[in-house]
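Here is the structure we will look at, set down as structure tokens.
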Amino acid sequence: MTQDCNPDSIKSLKQQIETYHSQLADDAESAVFVCLPSKVIELSRLVESFNRDDSPFSASHPSFDCDTTILTLPPTTPTEGFRPTYGRTSTQTPAEVTNSIATAQTSSTLSPAFSSTDASHDAGALSGEHEDDKPIRTGLTTNPIFETIGKVMDQQGADVLRFCMQIRRWMATVTPQVEEGNNTGVEIQELAISYLNSLQNMGSDCSNYLVTTRQPRGGMVRMYLRSPGIEDRMLALYESDRRELFSARQLLNLLQSKCMETMNVFQKNWNKICCAALIYIWVILLGPALKSSAALGPDFRNAYLRSAAYLSFIWALYPIAWGLADGANVISPDAEMIFYGILDLLAKPVFTLWHVYQISRLDYTKMQLQSGKFSEGAAMIRENELHSVNNSALKNARADATATGRFSEATAREV
């Protein structure tokens, strides 16, 4: 859509971009300080459950079933591509499974779907393109544990990828360039992006776990179907399934570690940026702002100086709290939260009440405000007070002059 190049349209677009940048900053801050820490805790609990029998990442889980029973496919099943899939309960025998497949395929109420057997994913295994060039119409059921693990891995990987994209979009709007001369900012940028790329790659590996697992397992199934009498191949398939469980464990461990590393890098550099901005604010508070308050009079200057000194002192305690907690690990996380909570109370509600009390005792007319209703009212009150004082002085002078007999219009004008 084409936008008009008039001042109103340009102003509207600038406001939309500013709103978008603000939203990106909020999303990135949420990802760094809320989402990633929550994901680290979630992954830690998941890793701790690996050794339990009810964990899908354990070979003792009931869903772990490396069934090597060879199933004969019905004649109506095509030998190329995929075939319909039908459920198999743990109480069914291979013959019952074959009969149920044949019965289901003759029914017009069922629609074809993708197969759940590893062998059917390989056209060569079904079409008989092997050493003896004989058609082999057999297959194996897949290990159901991988369906459960695949869902968990895909969910964890998708969450991490979403967090990475939130942070990456924000970094694209605020990262410095080498041409700007901010070498420190560029170094921080490169360090943060390197950790972010590593975490993003790890998240992609988790999301693609099921695909990368099925491909090598399909090759082992094909070898087993060529020579089903070789026991070593059957045992190799079982050990391969167990190895894939441990690979999933290792991948989640690495994902948890990368989330922790990326979170620490961004949080620490975030605090560095905030400390640099705090120094700039101090310069403004104790420099130009102090001069502006002094121009209004000594009472304004003293009130402002007390408020600025108090707020600067409270703000200076924030980097100290960070240094004691995240920097040197001197205080515990509970003590850190208490420290920050007390500082927030002193820097916000306590400061606000004290500052409002101070400025309530000042003369607002010295600010020469013209737009506010309260300022106009204050000026009118001040004018009425002066008029009342003049009237009182005039009445007193008239009374004194009348008593002495020397009152005249000239005396009134002098008053």
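The values are calculated or read from the model by the stated rules, or taken from the named source; none is laboratory data. Given the structure is predicted, the values throughout are model-derived calculations rather than measurements. Don't worry about glycine lacking a Cβ; one is built from the backbone with ideal geometry, like all the others, and counts go over all protein chains shown.
Condition (residue is modelled with pLDDT under 80 and among the β-branched types (Val, Ile, Thr)) applied to the range 256-275: is it met by at least one residue? The answer is yes; a qualifying residue exists.
Of everything in the range 306-321 that is free of Cβ contacts under 8 Å to residues at least 24 places away in the same chain and crowded, with 16+ Cβ neighbours inside 10 Å, the residue that is farthest from Lys268 (Cα to Cα) is Ala308. Checked against (1) touching a Phe, Trp or Tyr at 6+ places or on another chain (Cβ under 7 Å); (2) among the aliphatic types (A, V, I, L, M); (3) outside the structural domain of Arg162 (by TED's automatic domain parsing), Ala31 meets all criteria but (3).
For every residue, the table says whether it meets (1) outside any loop (DSSP other than H, G, I, E, B); (2) assigned by TED's automatic domain parsing to the domain that holds Cys259; (3) at pLDDT below 85.
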{"residue": "Tyr20", "(1), (2), (3)": "yes, yes, no"}
{"residue": "Asp27", "(1), (2), (3)": "yes, yes, no"}
{"residue": "Pro56", "(1), (2), (3)": "no, yes, no"}
{"residue": "Cys66", "(1), (2), (3)": "no, no, yes"}
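Screening Phe146 on (1) closer than 27 Å to Ala59 by Cα; (2) at pLDDT 90 or above; (3) among the aromatic types (Phe, Trp, Tyr) shows it passes everything except condition (2).
Check whether at least one residue in the range 38-55 is under 10 Å from the mean Cα position of the chain (by Cα) and surrounded by 11 or more Cβ atoms within 10 Å (Cβ to Cβ), and report yes or no. Yes, that holds for at least one residue.
Quick one: would you say Gly185 is touching a Pro at 6+ places or on another chain (Cβ under 6 Å) and modelled with pLDDT under 80?
So Gly185 fits the description; yes.
Confirm whether Ile331 is of a type in the set (Val, Ile, Thr) and not in a helix (DSSP H, G or I). Judged against the criteria, Ile331 is a match.
For the range 354-371, state whether one or more residues are at pLDDT below 65 and not hydrophobic (A, V, I, L, M, F, W, C). Yes, the range 354-371 contains at least one residue that is at pLDDT below 65 and not hydrophobic (A, V, I, L, M, F, W, C). All of Leu324, Leu296, Leu353, Leu345 fail the test of being outside the structural domain of Ser49 (by TED's automatic domain parsing), part of a helix (DSSP H, G or I) and surrounded by 13 or more Cβ atoms within 10 Å (Cβ to Cβ), apart from Leu324. Checked against (1) of a type in the set (A, V, I, L, M, F, W, C); (2) crowded, with 20+ Cβ neighbours inside 10 Å; (3) free of Cβ contacts under 8 Å to residues at least 40 places away in the same chain, Leu255 passes all but a single condition, namely (3). In the range 213-227, which residues are loosely packed, with under 15 Cβ neighbours inside 10 Å and either under 36 Å from the mean Cα position of the chain (by Cα) or part of a loop (DSSP other than H, G, I, E, B) (or both)? Passing the criteria: Gln215, Pro216, Ser227.
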